[in-house]
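Notes to accompany the following structure.
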Amino acid sequence: MTLNPLYAQIKFEHLTVADGLSQSVVLCILQDSQGFMWFCTEDGLNKYDGYKFTVYKHDPDNPNSLSGNYVWSIHEDDTGILWIGTSNGLDKFDLAHETFVHYQHEENDPNSLSHNDVRAIEEDHTGTLWIGTYGGGLNKFDRQTEKFVRYQHDENNPHSLS
């Protein structure tokens, strides 16, 4: 068995709380189209530019801050917009203004997000965003109307989400 020389050249840099990371449990990582590294943690969203961290957290006094500090997922869509899945809803990040737009579950609105615990965000070949939640099923997000279509389990429908 031989070791490929390419693998021998890989070096890892360790980034920790001492370097500015908000928390040591990293749940998701993304490198965006501008080269920034994004780290989702149990205590905030972290942007790393190769030198320093910028940490985004929920601030109850700022309605444009991150909706929740427990950040499960992140996705950059085909237009360069960042979508953040938190334990308190889905956020769209405006990088130019460093503000967040929130999408949350509203009990009396069937076109709202089905559940606030957003675990997964993906985009299909048509540009449709799919939002996976813990406890609320799957959501299809229409960016034009800003409404959600919910796909959930229905015990009376064998063709529904399991």
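The values are calculated or read from the model by the stated rules, or taken from the named source; none is laboratory data. What you are looking at is a predicted structure, and each value in this text was computed from that prediction instead of being measured. As a convention, Cβ positions derive from the backbone with ideal geometry for all residues, glycine included, and neighbour counts pool all protein chains shown. Accessible surface areas use protein heavy atoms only, side chains included; no ligands, DNA or RNA. Shrake-Rupley method; radii C 1.70, N 1.55, O 1.52, S 1.80 Å.
Computed quantities for the displayed model
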{"item": "Flag if Asp49 is farther than 19 Å from Ala120 by Cβ, open to solvent by 10 Å² or more (accessible area, probe 1.4 Å) and free of Cβ contacts under 8 Å to residues at least 12 places away in the same chain", "result": "no"}
{"item": "Index of the failed condition, Asp77 passing every other in (1) of a type outside the set (S, T, N, Q); (2) under 15 Å from the mean Cα position of the chain (by Cα); (3) more than 27 Å from His125 (Cβ to Cβ)", "result": "(3)"}
{"item": "Only one of Leu82, Leu66, Leu113, Leu95 that is open to solvent by less than 60 Å² (accessible area, probe 1.4 Å) and closer than 19 Å to Gly137 by Cβ", "result": "Leu113"}
{"item": "Residue pairs meeting the criteria (Cβ under 6 Å; at least 6 apart or on separate chains; first closer than 11 Å to Asn46 by Cβ and β-branched (Val, Ile, Thr), in the stretch 20-32; second in a strand (DSSP E or B) and open to solvent by less than 60 Å² (accessible area, probe 1.4 Å))", "result": "Val26/Phe39; Val26/Thr41; Ile29/Phe39"}
{"item": "Matching residues, the stretch 124-162, being surrounded by 11 or more Cβ atoms within 10 Å (Cβ to Cβ), of a type in the set (S, T, N, Q) and more than 16 Å from Tyr103 (Cβ to Cβ)", "result": "Gln152, Ser160"}
{"item": "Considering residues of the stretch 52-61 that are assigned to a loop (DSSP other than H, G, I, E, B) and in contact with a strand residue (DSSP E or B) (Cβ under 9 Å, 6 or more places away or on another chain) only, the residue surrounded by the most Cβ atoms within 10 Å (Cβ to Cβ)", "result": "His58"}
{"item": "Residue pairs meeting the criteria (Cβ under 6 Å; at least 6 apart or on separate chains; first over 19 Å from Ser112 (Cα atoms) and in contact (Cβ under 8 Å) with a residue 12 or more places away in the chain, in the stretch 147-160; second assigned to a strand (DSSP E or B) and among the polar types (S, T, N, Q))", "result": "none"}
{"item": "Selection count, the stretch 25-39, where residues are under 12 Å from the mean Cα position of the chain (by Cα) and not in a strand (DSSP E or B)", "result": "0"}
